[in-house]
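Here the structure is laid out as structure tokens; the discussion comes afterwards.
The values are calculated or read from the model by the stated rules, or taken from the named source; none is laboratory data. Everything numeric here is computed off the predicted structure, so don't read it as measured data. Quick reminder, even Gly has a Cβ in these numbers, built from the backbone with ideal geometry, and neighbours come from all protein chains shown. Each accessible area value is taken on the protein alone, full model and side chains, heavy atoms only, with ligands, DNA and RNA left out. Shrake-Rupley method; radii C 1.70, N 1.55, O 1.52, S 1.80 Å.
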Amino acid sequence: MKTLKDYAGIVNRRLEEIPAVVEENRCVIGEMPWLLSQSMRYSVSAGGKRLRPSMLLAAVEMLGGDVNAALDFACAVEMIHTYSLIHDDLPGMDNDTLRRGRPTNHVVFGEGQAILAGDGLLNCAFETMLAAACARPERAADSLLAIREIATGAGVTGMIAGQVMDLYCEHNRVSTPEALDYIQYGKTACMFIYPLRAAARLCGADEADLAALTEYGRAFGLLFQATDDLLDVVGTQDDMGKTLGKDAESGKLTCVSAYGIDGTRALVERLHRQALDALGRFPGRAGFFADLVDSMVNRTK
Ligand code: GRG
């Protein structure tokens, strides 16, 4: 059975081959400006756990699909995730100066360029998936369904919706449990749920498999965000690679602000159980996913 490290290695090697991320073209008409590729690559290659693309590949493997054919979809998910981090760190959003252990993109390249690096990664993700779909015309319908899942997860009813509500609640001091659920489902869980659903689509999986992966992604994503909220209070900056303590400082609505530390730990336990229950659909095949959610309960980074 492959581990997260194995899948992350596969993703990292492929990301290094994707032209938009590696090319260092000078400013020539018709080619990508060097500054753009440099700023995109700065954030993509800054490290990161590669959780979302690894989970997509592991789901394809669990469902008996073609991991090589899924690889560019996994890389696209990482590009979208990296874009979201670049934009999340901007002065108009969380205004952070440290990410993945490095100065944030806008600190190095300036705000306008960082916005464009994020835009570039988002667009490049779709170019990459569409190229992969064109390369396998015999599976075009599965690829289109997968692209649609990823667009939905990252989109205006998914990650962007969660971020909009997060900003709104912070500025308007809204702190209801319903708002918290909406934010954390949208901005965090959707980028686990929908890449898993994309994996299922690439494999032509049935509705029951799709539903089980959706439920696992939901529980895993909410657990991941709850532990992120805990680590903002009890974690270390070296492990997390970002500035900590900012949630409380900015009055952000988090699991810790809503439920306290003990209440958040109890929530993590409940979500852990729900994630493992969802794996009951895949007896003997879901070791990667069981180990992964186990490892998240007491994570330090
Ligand atoms: C949608 C315009 C726009 C901007 C994106 C949605 C969004 C803004 C930001 C969400 C980014 C964010 C901080 C989400 C919370 C989820 C989270 C804890 C992300 C960090 O993920 P890790 O720990 O990061 O997997 P690495 O660096 O390991 O990849």
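A few comments on the model shown:
- Residues of the range 188-199 classified as away from the ligand (no atom under 11 Å from the Cβ) and of a type in the set (A, V, I, L, M), total: 4
- Ser84 being on the phi < 0 side of the Ramachandran plot, assigned to a helix (DSSP H, G or I), away from the ligand (no atom under 16 Å from the Cβ) and hydroxyl-bearing (Ser, Thr, Tyr): no
- Residue check, Arg136 modelled with pLDDT of 95 or more, buried (at least 19 other Cβ atoms within 10 Å of the Cβ) and of a type in the set (D, E, K, R): no
- Matching residues in the range 110-133 - criterion: being within 16 Å of the ligand (Cβ to nearest atom), of a type outside the set (S, T, N, Q) and surrounded by fewer than 15 Cβ atoms within 10 Å (Cβ to Cβ): Glu111, Gly112
- Residue within the range 42-49 that is more than 13 Å from the ligand (Cβ to nearest atom) and either farther than 30 Å from Tyr216 by Cα or open to solvent by 30 Å² or more (accessible area, probe 1.4 Å) (or both) present: yes
- Pair list, Cβ under 9 Å, 6 or more apart: the range 69-96 residue open to solvent by 10 Å² or more (accessible area, probe 1.4 Å), other residue among the aliphatic types (A, V, I, L, M) and in a loop (DSSP other than H, G, I, E, B): Asp72/Ile18; His87/Met93; Asp96/Leu90
- When restricted to residues that are open to solvent by less than 60 Å² (accessible area, probe 1.4 Å) and either assigned to a helix (DSSP H, G or I) or within 14 Å of the ligand (Cβ to nearest atom) (or both), the range 166-187 contains 10.
- Residue in the range 239-259 that is out of contact with any helix residue (DSSP H, G or I) (no Cβ under 9 Å at 6 or more places or on another chain) and either among the aromatic types (Phe, Trp, Tyr) or more than 27 Å from Ile80 (Cβ to Cβ) (or both) present: yes
- Residues within the range 152-163 that are more than 8 Å from the ligand (Cβ to nearest atom) and either open to solvent by 60 Å² or more (accessible area, probe 1.4 Å) or at pLDDT below 95 (or both), tallied: 2
- With respect to (1) touching a residue at least 12 places away in the same chain (Cβ under 8 Å); (2) farther than 29 Å from Arg41 by Cβ, the lone exception for Thr176 is condition (1).
- Test: Asp277 is within 11 Å of the ligand (Cβ to nearest atom) and either within 24 Å of Tyr194 (Cβ to Cβ) or among the hydroxyl-bearing types (Ser, Thr, Tyr) (or both): no
- Residue in the range 121-138 that is among the basic types (Lys, Arg) and part of a helix (DSSP H, G or I) present: no
- Any helices (runs of 4 or more DSSP H) falling wholly within the range 188-301 and containing at least 3 residues that are open to solvent by 50 Å² or more (accessible area, probe 1.4 Å): 207-234, 237-240, 255-278, 287-297
- Residue match in the range 215-231 (condition: in contact (Cβ under 8 Å) with a residue 24 or more places away in the chain and more than 27 Å from Asp89 (Cα to Cα)): yes
- Selected residue (criterion: modelled with the highest pLDDT) from residues of the range 7-25 that are open to solvent by 70 Å² or more (accessible area, probe 1.4 Å) and assigned to a helix (DSSP H, G or I): Arg13
- Residues (open to solvent by 30 Å² or more (accessible area, probe 1.4 Å) and either touching a Lys or Arg at 6+ places or on another chain (Cβ under 9 Å) or at pLDDT 70 or above (or both)) located in the range 26-41: Met32, Pro33, Trp34, Leu35, Leu36, Gln38, Arg41
- Answer from Ala74, Ala70, Ala58 - the residue that is away from the ligand (no atom under 11 Å from the Cβ), modelled with pLDDT of 95 or more, at negative phi and touching a Pro at 6+ places or on another chain (Cβ under 6 Å): Ala74
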